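Taking it in order: structure first as C-alpha cells, then the write-up.
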Amino acid sequence: MRDRILALLGVFAVAAYGQTAVTPLGQDTGYQIRYAANLFVGDSVVNMTNSGASSTSGYPVSNGNLCANIYTYSPEEQLVSCCSCYVTPNGLMSLSTKQDLISNTLTPLVPSSVVIKIIGTKASVTTQCNAAQAGQPGNSDVVPGLIAWGTTIHALPATVSTPAGSFGVTESAFVPATLSFSELYRMTALCGSSPAVPMSRMDRLSSTRMWHSTKPAICQSWAGRS
C-alpha cells in the first residue's frame with residue numbers, strides 16, 4: 001500500500017512539474033497597465049510582442065494573431081487617445097508615446113505624463129481591430145498572449161557626477177491587472193463615442209494592420225514612419 005501511495009505521489013509530482021513548465025508566468029494576460037512620465041523632457045516607447053499563448057495551430061498554418069487595444073489617460077483620469085494595432089505571434093510592435101499615443105488627442109489636453117492601458121483581444125480575419133469594440137463576445141474576446149514593455153523618464157538625484165535637473169530612462173514590463181466589466185465598458189464606451197474610422201493615410205508594412213476609433217493618435221509602428 002505504501003509503495004502504491006509513493007508511486008501515485010510520483011505521478012502527481014511529474015504532472016505538476018509538467019504543468020508548471022507550460023503554465024504562463026502571468027505577464028501575457030489580457031489586460032496590462034503602466035505609466036510614462038516627464039514627457040516634456042523626452043519620449044517614451046511601448047514595445048509589444050505576441051507570446052503565442054492563444055495559438056491553437058502552430059505549423060505549417062499558424063494562428064493566434066492578436067489586436068493590441070491601447071487606451072491612454074492623462075493624470076486627471078481623462079481618456080486622451082485610443083487605438084489598435086495588429087500583433088502576430090513572435091512579432092514586435094514599437095510605439096512612440098509622444099508621436100503615436102498623444103499626438104492627436106481626443107481632448108485639447110496634451111499631457112506630460114500618461115497612464116497606458118492595453119487590452120489584448122482575439123484578432124478576427126473578417127473585422128478590423130477596433131479599440132471601441134474590445135471585449136465584445138465573438139470576434140473581440142479578451143485573450144492571453146500579449147506581452148508589453150515600456151520606457152519612462154525619471155528625475156535623477158543630484159550627485160557629484162549627476163548635476164541637478166538631470167533625467168534618466170528606465171524600462172520595465174507592463175503590470176498584469178484584473179479587468180472588471182465596468183472598467184472595460186467605460187474604456188470602450190469613451191473610445192467609441194463616435195464611429196470608428198479606418199486609417200487611410202498611414203504606411204502599412206508587411207502584414208501589419210492598424211486602425212483607430214473616434215479621434216485617437218495614429219497607432220503606428222516606428223518602422224512605418226518616414
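No lab work stands behind these numbers, since they all come straight from the coordinates. Note that the structure is a prediction, hence the values are computed from the model and not measured. Glycine also receives a Cβ, built like all others from the backbone with ideal geometry; neighbour counts cover every protein chain displayed.
A cut-off of 5 Å between modelled amide H atoms, ignoring neighbours fewer than 5 places along the same chain, links residue 174 with 148, 149, 150.
Label sites at residue 136 and residue 186, each approximated as a point 7 angstrom past Cα along Cα to Cβ, lie 2.2 nm apart. Modelled label positions at residue 178 and residue 104, each set 7 Å beyond Cα in the direction of Cβ, lie 3.7 nm from each other.
Multiplying the residue separation of residue 162 and residue 193 by 0.36 nm and removing their Cα-Cα distance gives an extension gain of 6.5 nm.
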